[in-house]
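To keep things clear, I will list the structure first and then write my remarks on it.
The values are calculated or read from the model by the stated rules, or taken from the named source; none is laboratory data. If you're wondering where the values come from, they're calculated on a predicted model, not measured in any experiment. We place every Cβ from the backbone using ideal geometry, glycine too, and count neighbours over all the protein chains shown.
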């Protein structure tokens, strides 16, 4: 059966991506779930710092959200651009915008540079120079240190935890102008949380990671014993870090009691992985981690609102 030229053109048009499809692809470049977490923790830092000053610069909050969201999207897109050759190899990343062909590498790089620069300008102009500097350092560390460090060894987990812990500090600094003990306490919580969270995720994805030469601890730990022990130790460190805001007088007894309870529950889940971590136990730790963090942050907010 012959196909007329007009039919071929119609078929091509029917397969062309719509504007909505293209928008969705660029949206995915910015890793929306990660960016949402970054923005939420930055807002938390702002809210906690607002309790320590007499005059709160509420107008900055809008630009903090906008600037932090844009710089996060830009850094995430740059990460995908850098890893465009290995993403097709892993099941977890094979459907991302670049390997799936929905966005070209050049478009991804342009999107990254545009959003990151735009966000950085918002932060510098309206939230303070130091907030912009923190954002710039975070983006550079994430894209150019943590990304290649995945092939160096378990040190990548430590390096990757730093940019993930900076957003609440940015929120704090946008209000107070300096990091202070409060900003350091928020950094410590987010930094410690990432160890049990990421180790559990890396254990579940260790086969995928091994394919591309990522040398996270779970890829070098056949029995899962070392990874399990580190998850448990991480939850204990997190429990101690979570009480730092209370020790500094930033929050009261409601937060302290709640943080202790959920911290002990998280540690109990991780304890079971100490005798050998397998996929089911790693999944439980991972699910506990994504339940723990919003619960802890919610406790901070509730404590400040009602007490």
Some residue of the stretch 67-77 being assigned by TED's automatic domain parsing to the domain that holds residue 130, out of contact with any strand residue (DSSP E or B) (no Cβ under 6 Å at 6 or more places or on another chain) and either without any contact (Cβ under 8 Å) to a residue 24 or more places away in the chain or surrounded by fewer than 18 Cβ atoms within 10 Å (Cβ to Cβ) (or both): no
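Residues checked against (1) in contact (Cβ under 8 Å) with a residue 40 or more places away in the chain; (2) crowded, with 22+ Cβ neighbours inside 10 Å; (3) at negative phi; (4) assigned to a helix (DSSP H, G or I):
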position	(1), (2), (3), (4)
109	no, no, yes, yes
113	no, no, yes, yes
117	yes, no, yes, yes
130	yes, no, yes, yes
138	yes, yes, yes, yes
141	no, no, yes, yes
147	yes, no, yes, yes
156	yes, yes, yes, yes
160	no, no, yes, yes
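Only one of 282, 267 is more than 19 Å from residue 168 (Cα to Cα), at pLDDT below 95 and either assigned to a helix (DSSP H, G or I) or out of contact with any strand residue (DSSP E or B) (no Cβ under 6 Å at 6 or more places or on another chain) (or both). Can you tell me which? Talk me through it step by step, then tell me what you get.
On the way: 267 fails: at pLDDT below 95.
Step by step, each of 282, 267 is checked, and only 282 is more than 19 Å from residue 168 (Cα to Cα), at pLDDT below 95 and either assigned to a helix (DSSP H, G or I) or out of contact with any strand residue (DSSP E or B) (no Cβ under 6 Å at 6 or more places or on another chain) (or both).
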Filter result for the condition that a residue is modelled with pLDDT of 95 or more, surrounded by fewer than 19 Cβ atoms within 10 Å (Cβ to Cβ) and outside the structural domain of residue 252 (by TED's automatic domain parsing), over 38, 62: 62
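Among the listed residues 273, 257, which satisfies the condition of being surrounded by 20 or more Cβ atoms within 10 Å (Cβ to Cβ) and either closer than 18 Å to residue 197 by Cα or without any contact (Cβ under 8 Å) to a residue 24 or more places away in the chain (or both)?
When all the criteria are applied, what remains is 273.
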